[in-house]
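See structure below.
The values are calculated or read from the model by the stated rules, or taken from the named source; none is laboratory data. Given the structure is predicted, the values throughout are model-derived calculations rather than measurements. Positions of Cβ are generated from backbone atoms using ideal geometry, with glycine treated the same way; all protein chains shown enter the neighbour counts. Quick note on the areas: whole protein, heavy atoms, side chains included, nothing else; ligands and nucleic acids left out. Shrake-Rupley method; radii C 1.70, N 1.55, O 1.52, S 1.80 Å.
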Amino acid sequence: MEALFERDLQIGSHVRMRGSRMMLGAVEEALSYRANTFMVYTGAPQNARRKPIGELRIPEAQALMEQNNIRQFVVHAPYLINLGNVQNPEIFRQSVTLLLWELERTKQMGSRVLILHPGAHVGAGIKAGIQSIAAGLNEALSVPSDVCVALETMAGKGSEIGSRFEELADIFDRVRYPDRLRICFDTCHVHDAGYDIKTNPEQTLAELDHYVGQKQIAVFHINDSKNERGSRKDRHANIGKGQIGAAALYRLVHDPGFPGVPRILETPWYPDPADPQKSLPPYRQEIAWLQSPQNCSAFLDTVSTSTVS
Ligand code: FE
Ligand code: FE
Ligand code: ZN
């Protein structure tokens, strides 16, 4: 059984779709980290400018995935989608439209999971924000598709909704398309929100189970945190270089309750010792270590605490 699970361990990182290679480049980047899954944004996370689907080089990317036995990947929606903005109906409207586009792009690219930050109420209060998020999801999900929206657990900075499992449960209760709603469990965010995943990750998962069901987890974001538990700051740290620590993150990656659920690293790049102007991705080393602890100490020496966010 143990061996079966290890074979099924899906681990990768956030990779970039850019230049002319687009999705093909994203798959190449994932392979350079020896990952067997990955996460992409369909364009810059901060804006809504997107290339036409025909320019993403999807067939080439899919062929490369197939050759290398990458069976699944996930997509992250842009940050500017805010379904919780009750104050500004225009932003809400644009957010629903953008979400629909992203769902379509996700489908065309061949993924079934679109990760979404639930939203921020920007002063209207949690209840109003939750009602607005649910209304936006009900509208976007009324268009049939086999792509799910995975609501990310948030750190709780500003007026972000979704830092408490109760809030996520409230959204789930109000959405009429339960088959299309899932959870993205971000370890840094959950820690920053105040849950004790450092000493007892299994207990935190049990708490999530109580409110929304741990079967709802479609993807994990595996990040250490620069800040103390409950800080609500959302600053990711490299594995073993933050307040959560490598042991708890390793346990979550190898939790047998989630076979085949992708574990995605969003840890910061670190400065190149040869050229401090440049930064290097930590993912190949972090993935190798999280797959097997043999290289643990060697690995922890190579990754310095990073200033890149
Ligand atoms: Fe996110
Ligand atoms: Fe995340
Ligand atoms: Zn974050």
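Overview of values
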{"read-out": "Accessible-area order (highest first, 1.4 angstrom probe) of the listed residues GLU286, GLU167, GLU66, GLU28", "value": "GLU66, GLU28, GLU167, GLU286"}
{"read-out": "Qualifying aspartates and glutamates (Cα of each under 19 Å from Cα of LYS51; at least 8 residues distant if same chain)", "value": "GLU60, GLU102, GLU104"}
{"read-out": "Spread of Cα-to-Cα distances over 20 Å intervals beginning at zero, given as percent, for the chain", "value": "34, 61, 5"}
{"read-out": "Amide H partners (placed H, <5 Å) of LEU280, local residues excluded", "value": "TYR270, ASP272"}
{"read-out": "5 angstrom amide H check on VAL219, placed H, neighbours 5+ away", "value": "ILE183, PHE185"}
{"read-out": "Segment 213-268 and segment 132-201: distance between their alpha carbon centers, rounded to Å", "value": "16"}
{"read-out": "Candidates THR42, THR187, THR199: whichever shows maximal mean-square fluctuation once the chain is modelled as a Gaussian network with Cα springs under 10 Å", "value": "THR199"}
{"read-out": "Computed magnitude of the charge dipole of the chain (debye, nearest 20; Cβ of K, R +1, Cβ of D, E -1)", "value": "640"}
{"read-out": "GNM result for the chain, Cα springs below 10 Å: residue of GLY213, GLY84, GLY156 fluctuating most strongly", "value": "GLY213"}
{"read-out": "Electrostatic dipole magnitude of segment 5-65 [Cβ: Lys, Arg +1; Asp, Glu -1; Cα centre; debye, to 20]", "value": "320"}
{"read-out": "Compactness of segment 115-222, expressed as Rg and Dmax over alpha-carbon positions, Å", "value": "13.2, 42"}
{"read-out": "Dipole-positive endmost among GLN46, PRO259, PRO282 within the chain (Cβ charges, Cα centre)", "value": "GLN46"}
{"read-out": "Per DSSP, loop trypsin sites (Lys or Arg not before Pro) in segment 117-185 with at most 14 further Cβ within 10 Å", "value": "ARG176"}
{"read-out": "Coil-residue GluC sites (Glu not before Pro) of segment 176-253, DSSP, other Cβ within 10 Å capped at 14", "value": "GLU228"}
{"read-out": "Apportionment of accessible area to carbon and sulfur, the chain, percent (1.4 Å)", "value": "51"}
{"read-out": "Per-residue ³J(HN,Hα) for segment 8-19, Karplus 6.51 cos²θ - 1.76 cosθ + 1.60, θ = phi - 60°, Hz, x for Gly and Pro", "value": "8, 5, 9, 9, x, 9, 5, 10, 9, 10, 7, x"}
{"read-out": "ILE244 long-range amide H proximity, modeled H, under 5 Å", "value": "SER225"}
{"read-out": "Cα gyration tensor category, rounded, prolate or oblate, for segment 1-99 with a/c compared to 1.5", "value": "oblate"}
{"read-out": "For the chain, built as a Gaussian network whose Cα springs stay under 10 Å, the top-fluctuating residue of ILE53, ILE133, ILE287", "value": "ILE53"}
{"read-out": "Theoretical FRET efficiency, 1/(1+(r/R0)^6), r = Cβ-Cβ of ALA288 and ASN47, R0 22 Å, to 0.05", "value": "0.05"}
{"read-out": "Segment 221-275: C-alpha gyration tensor shape, a/c 1.5 cut-off, then a/b vs b/c", "value": "oblate"}
